[in-house]
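Encoded as structure tokens, the structure appears first; notes follow it.
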Amino acid sequence: MTNQSHDPSTTPVTSPSPVTVLGLGAMGKALAGAFLKAGHPTTVWNRTPGKGDELVAAGATRTATAADAVRASEVVIVCLYDYDVSQAVLGPIAPELKGRALVNLTSDTPERSREAAAWAAEHGIAYLDGAILVPVTVIGTADALLFHSGPKSVYDRHASTLKALGGNTVYLGEDHGLAAVYDNALLDFFWTSMAGLVHAFALAGADGVKGADLAPYLSALLSIFPPIVESMGGEVDSGDYPGDQAPLVTEAVNVDHVIHASAHRGLDVGALGGIKAVLDRAIAKGHGADGWTATIEAVRAP
């Protein structure tokens, strides 16, 4: 038997794939910058001329038209204001996109994602829908979370390129709407939490408590959320909402206290009123002895 040694010089070296980025807002510039940093030949275009000077200085090629930018790469990333804008840009250049992979990282609804996928299929465009869950400063790092949905064959073919945008790049499934579903759900939690945070500062501040003094205790409160999230996720799936420790009838009284204290101080109680209304509907449906997760029965469509 002959021992064969491996000569590294004979191993094919795969060069990073060329990428086109359409849209040079703050996020689009961050995406293009991440591709450049990862060694991908990057072509950029923006609806408003003049943007992207720093990208050009870093090695990107800027084109005068979206069609010219698309012709430069097999993978085309679009990141614009919404799907009305992205469709206005992509519609006229559909023939140029045919046979290429189009990855839409524009935020919108699952319905718009599926409509865009149907349009892409009609024009022979390999289409992935995506969502970005981090601010521009995190793009290109190991912590950057991005979701993708659509044909797995398309994702697998371009996964190494897409992972230049973030170390936590996740493929969700064939349904093009899934990235938007996850995006909307996570943003739902984020924005309602941010609203609660601001309201808590306002409530304490009305009695002279400084935000900096309250902040450490709000931060400590966050430590209980991971196990709560996991537990409630299981309860939602099972339809079992144990309330032996904190039944809804008790929680409704606690929410009432916060509403009364807030109203007495002249604060807006719209969000809290909405929470109380959901609680009341859940209790009216017979869930008074159940836990907080049971309010999902008052949130869901009948």
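Pro242: part of a loop (DSSP other than H, G, I, E, B) and either exposed (fewer than 12 other Cβ atoms within 10 Å of the Cβ) or at negative phi (or both), yes or no? It would help to see each step written out before you state the result.
Details: part of a loop (DSSP other than H, G, I, E, B): yes; either exposed (fewer than 12 other Cβ atoms within 10 Å of the Cβ) or at negative phi (or both): yes.
Yes; evaluated as a whole, the condition is true for this residue.
Under 6 Å between Cβ atoms, which residue pairs at least 6 apart in sequence (or on different chains) link something in the range 145-161 that is touching a residue at least 40 places away in the same chain (Cβ under 8 Å) with a partner that is part of a loop (DSSP other than H, G, I, E, B) and surrounded by 16 or more Cβ atoms within 10 Å (Cβ to Cβ)?
Here the result reads Leu146/Gly166; Thr161/Ser17, each pair linking the range 145-161 to a residue that is part of a loop (DSSP other than H, G, I, E, B) and surrounded by 16 or more Cβ atoms within 10 Å (Cβ to Cβ).
Does the range 272-285 include one or more residues that are part of a loop (DSSP other than H, G, I, E, B) and either at pLDDT 95 or above or farther than 23 Å from Gly233 by Cα (or both)?
As a first pass, look at the range 272-285 and keep what is part of a loop (DSSP other than H, G, I, E, B): none.
The answer is no; no qualifying residue exists.
Could you check Gly288 against (1) under 16 Å from Gly196 (Cβ atoms); (2) touching a helix residue (DSSP H, G or I) at 6+ places or on another chain (Cβ under 8 Å) and say which number it fails?
For Gly288, the failing item is (1).
Here are the criteria: (1) farther than 26 Å from His287 by Cβ; (2) of a type in the set (D, E, K, R); (3) surrounded by 11 or more Cβ atoms within 10 Å (Cβ to Cβ). Tell me which single one Glu235 does not satisfy.
(1)
Looking for something in a helix (DSSP H, G or I) and without any contact (Cβ under 8 Å) to a residue 24 or more places away in the chain - is there at least one such residue anywhere in the range 164-177? Break it down into steps so the answer makes sense when it comes.
Residues of the range 164-177 in a helix (DSSP H, G or I): 164-165.
With the extra rule that they be without any contact (Cβ under 8 Å) to a residue 24 or more places away in the chain, the set shrinks to none.
Checked against the condition, which is being in a helix (DSSP H, G or I) and without any contact (Cβ under 8 Å) to a residue 24 or more places away in the chain, the range 164-177 yields no hits at all.
Taking the residues in the range 33-61 that are aliphatic (A, V, I, L, M) and in contact (Cβ under 8 Å) with a residue 40 or more places away in the chain as candidates, determine which candidate is farthest from Ile77 (Cα to Cα). Lay out the reasoning, then the answer.
So in the range 33-61, the residues aliphatic (A, V, I, L, M) come out as 34, 36, 38, 44, 55-58, 60.
Still in the running and in contact (Cβ under 8 Å) with a residue 40 or more places away in the chain: 34, 38.
Numbers: Ala34: 12, Ala38: 15 Å.
Of everything passing the filter in the range 33-61, Ala38 is farthest from Ile77 (Cα to Cα).
Please indicate, with yes or no, whether at least one residue in the range 186-207 is under 30 Å from Val19 (Cα atoms), touching a residue at least 40 places away in the same chain (Cβ under 8 Å), in a helix (DSSP H, G or I) and of a type outside the set (D, E, K, R).
Yes, the range 186-207 has at least one match.
With respect to Ile132, is the statement that it is touching a residue at least 40 places away in the same chain (Cβ under 8 Å), buried (at least 18 other Cβ atoms within 10 Å of the Cβ), of a type in the set (A, V, I, L, M) and under 21 Å from Phe189 (Cβ atoms) true? So that I can check it myself, show each step before the final result.
On the way: touching a residue at least 40 places away in the same chain (Cβ under 8 Å): yes; buried (at least 18 other Cβ atoms within 10 Å of the Cβ): yes; of a type in the set (A, V, I, L, M): yes; under 21 Å from Phe189 (Cβ atoms): yes.
Criteria met by Ile132.
Looking at this structure, is Val70 touching a Lys or Arg at 6+ places or on another chain (Cβ under 9 Å), surrounded by fewer than 16 Cβ atoms within 10 Å (Cβ to Cβ), in the same structural domain as Gly124 (by TED's automatic domain parsing) and within 23 Å of Gly33 (Cα to Cα)? Before the answer, list the steps.
On the way: touching a Lys or Arg at 6+ places or on another chain (Cβ under 9 Å): yes; surrounded by fewer than 16 Cβ atoms within 10 Å (Cβ to Cβ): no; in the same structural domain as Gly124 (by TED's automatic domain parsing): yes; within 23 Å of Gly33 (Cα to Cα): yes.
Answer is no for this residue.
Check the range 104-123 and report whether any residue there is more than 22 Å from Ala185 (Cα to Cα), over 15 Å from the mean Cα position of the chain (by Cα), part of a helix (DSSP H, G or I) and not small (Gly, Ala, Ser).
So the first thing to find is which residues in the range 104-123 are more than 22 Å from Ala185 (Cα to Cα), and the list is 118-123.
Still in the running and over 15 Å from the mean Cα position of the chain (by Cα): 118-123.
Still in the running and part of a helix (DSSP H, G or I): 118-122.
Now narrow it down to the ones that are not small (Gly, Ala, Ser): 119, 122.
So far as the range 104-123 goes, yes, one or more of its residues are more than 22 Å from Ala185 (Cα to Cα), over 15 Å from the mean Cα position of the chain (by Cα), part of a helix (DSSP H, G or I) and not small (Gly, Ala, Ser).
Residue by residue through the range 206-237, note down the ones that are under 30 Å from Ala294 (Cβ atoms) and among the acidic types (Asp, Glu).
Within the range 206-237, Glu230, Glu235, Asp237 meet the criteria.
Could you identify the single residue in Ser238, Ser193 that is closer than 24 Å to Leu133 by Cβ, within 30 Å of the chain's Cα centre (by Cα) and modelled with pLDDT of 95 or more?
Numbers: Ser238 fails: closer than 24 Å to Leu133 by Cβ.
Of Ser238, Ser193, the one residue that is closer than 24 Å to Leu133 by Cβ, within 30 Å of the chain's Cα centre (by Cα) and modelled with pLDDT of 95 or more is Ser193.
Here are some conditions: (1) without any contact (Cβ under 8 Å) to a residue 60 or more places away in the chain; (2) surrounded by 10 or more Cβ atoms within 10 Å (Cβ to Cβ). Pro216 meets all but one. Which one does it not meet?
Only one criterion in (1) without any contact (Cβ under 8 Å) to a residue 60 or more places away in the chain; (2) surrounded by 10 or more Cβ atoms within 10 Å (Cβ to Cβ) is unmet by Pro216, namely (2).
Would you mind stating whether Ala26 is assigned by TED's automatic domain parsing to the domain that holds Thr169, farther than 24 Å from Leu178 by Cβ and without any contact (Cβ under 8 Å) to a residue 12 or more places away in the chain? Full working, then the answer.
Details: assigned by TED's automatic domain parsing to the domain that holds Thr169: yes; farther than 24 Å from Leu178 by Cβ: yes; without any contact (Cβ under 8 Å) to a residue 12 or more places away in the chain: no.
For Ala26, the condition - assigned by TED's automatic domain parsing to the domain that holds Thr169, farther than 24 Å from Leu178 by Cβ and without any contact (Cβ under 8 Å) to a residue 12 or more places away in the chain - is not met.
The values are calculated or read from the model by the stated rules, or taken from the named source; none is laboratory data. Note that the coordinates shown come from a computational prediction; the quantities given were computed from them, not determined experimentally. For neighbour counting, all protein chains shown are included, and Cβ atoms are generated from backbone atoms with ideal geometry for every residue, glycine included.
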